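Since the structure comes first, as structure tokens, the remarks are kept for the end.
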Amino acid sequence: MTPDENDLWFLPLGGTGEIGMNLNLYGHDGQWLMVDCGVTFPKPGRVSADGTVHHSGEPPVQMADPAFIADRRDRLAGLVITHAHEDHIGAVPYLWPLLQCPIYTSRFTAEILRRKLAEFDLLHRVPIFVLDAGDRRQIGPFDVQWLALTHSIPDPNALMIRTAAGNIFHSGDWKLDDQPLVGHGYRKSTFTDLAEEGVVAMVCDSTNATVAGHSMSESALYGGLLDAIGPAKGRVIVACFGSNIARLHTLAAVARATGRYMGLMGRSLINMSSAAKAAGLWDTADSLIQSSHFGYLPREEVLAVATGSQGEPRTALRRLASGNHPDFELEAGDRVIFSARAIPGNEEAINALISQLEAMGVDVLTAESASLPIHASGHPAREELEAMYRWVRPSIAIPVHGEEEHMRAHADIAEATGVPRRLVGRNGDLFMIRPVPGMRRQIVETGRLGWQKQELTRVF
């Protein structure tokens, strides 16, 4: 099955009908363009594509089955990565040997990608092209432009994909944050200009389509975090996503205001901050101490930022809760702050971790229990989706990056803002955007591959 010069197709292999594991394909004039290549993490009891039933402990990551495009890799023009979150970039080191195509992305994302590829001995094999917001690049028959938007990670980009058969706006993950603190912002004119040019389809993030109002700005969290950390008598440990460099800057400002020393605990946090420094996105005024120093400081001078906000096994916070972290042991009166919300499916693991901490006499504060905001979502709520549809004015809305409930709510928003056609599908559906807009059919039986790194390096 190959698209001709009159065809413009969209084929999601992952991330449509679920949150995570994004892998999208666009087909036109005999070639395919891949957008994002991410992972998800299986839950206990879930069966992988290899038939393995996962139990508690650390399971292998899972990713979309790439067989459809791997069988056509001679027609794969390239892979574009919108940003550096694991559900958009994490599968690249696993799947690139099957794809063997050039990769195009922004500077910060390239920094993260290079570190991942180095672990797989792929760094010098993979051609990576770094683009800035506003840049355009011809990738096969696709003229791709990087458009600045905001998200909970530096340098996210939406894409305008221009072809002879029509133009597609691919949002990636986004929000409208007028003060993102770190990285580029956005301009309304960027998207209203697209409407003047003409957009046949808008493929867009549905994560918070059921949430009323407008997402909160990262810049609004300083007061809430100061209120949560300032009165604490013992150590303070903040669990958050390591990719949120803006949150780390806010915490560093709170550390200065409260007379605490801040350090990072967990490999992903340390790796992200290092990449931010390499990409010129780290405020040099924000100095960090080594986490090994925490055990020698008075408890009231410690502000540790740790991995493990989703209750993941073997993360820094889980090890602290288990009493087997080498840097220090938690004591009654210490405070743990979850500056993150639960990703759907992780609630059970997070609640078990909170119960374990509370049994130790640790004071636990979550985004739900805090009196002031301590977390801001990185995804658009209804008002932001409405605004984007009014700006871009596509002929077709294709909700992605969400479960059925989120995508249906997203389609309703698109209809209310005047979008003539809304197509809600799932992984494996072929969306025929041109020449017969509005049609879709299931053509790929998608699955999830549950590979360990060592298995892949042996197979490839």
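Brief remarks follow.
- Antiparallel bridge percentage (DSSP; both residues within the chain; nearest 5): 50 percent
- The dipole here belongs to the chain: it is taken about the Cα centre, uses +1 on the Cβ of Lys and Arg and -1 on the Cβ of Asp and Glu, and is about 520 debye.
- Between the range 95-152 and the range 4-30, the Cα center-to-center distance that results, in Å: 18 Å
- Contact order, relative form, for the chain: 20 percent (alpha carbon pairs under 8 Å, 6 or more residues apart, mean separation divided by residue count).
- Between 0 and 90°, nearest 10: helix 245-258 axis offset from the chain longest Cα axis: 20 degrees
- Rounded to the nearest 10 degrees, the angle from helix 267-278 to the longest Cα principal axis of the chain is 70 degrees.
- Alpha carbon centroid spacing (whole Å) that separates the range 296-324 from the range 220-268: 13 Å
- Ligands, DNA and RNA left out, the 1.4 Å accessible surface of the chain is 46% carbon and sulfur atoms.
- Rounded accessible area per residue of the chain, 1.4 Å, Å²: 39 Å²
- Radius 12 Å from Cβ of residue 23, net charge of other residues (Lys, Arg +1; Asp, Glu -1): -3
- Number of Lys-Lys pairs in the chain with C-alpha atoms under 21 Å apart and a separation of 8 or more places or on different chains: 4.
- Highest to lowest packing among 66-75, 400-409, 86-95, scored as the average C-beta count within 10 Å: 86-95, 400-409, 66-75
- Rounded, prolate or oblate (a/c below 1.5 giving rounded, otherwise prolate when a/b exceeds b/c) for the range 93-251 by Cα gyration tensor: oblate
- Net +/- balance of residues flanking residue 304 in space, Cβ distance below 9 Å, scoring K and R +1, D and E -1: 0
- Counting charges near residue 287 (Lys, Arg +1; Asp, Glu -1) among other residues having Cβ under 14 Å from its Cβ returns a value of +1.
- Of the peptides 203-216, 8-21, the ranking by mean beta-carbon count within 10 Å, highest at the top, reads 8-21, 203-216.
- Mean Cβ neighbour count within 10 Å, used as a protection proxy, ranking 351-362, 333-344 highest first: 333-344, 351-362
- The charge dipole of the range 303-420, taken about its Cα centre with unit charges on the Cβ atoms of Lys, Arg (+1), Asp and Glu (-1) only, comes to about 340 debye.
The values are calculated or read from the model by the stated rules, or taken from the named source; none is laboratory data. Predicted, not measured: the structure shown is a model, and the values here were computed from it. Note that we place each Cβ from the backbone using ideal geometry, even for glycine, and neighbour counts take in every protein chain shown. These area figures cover heavy atoms from the full protein model, side chains too; ligands, DNA and RNA do not enter into them. Shrake-Rupley method; radii C 1.70, N 1.55, O 1.52, S 1.80 Å.
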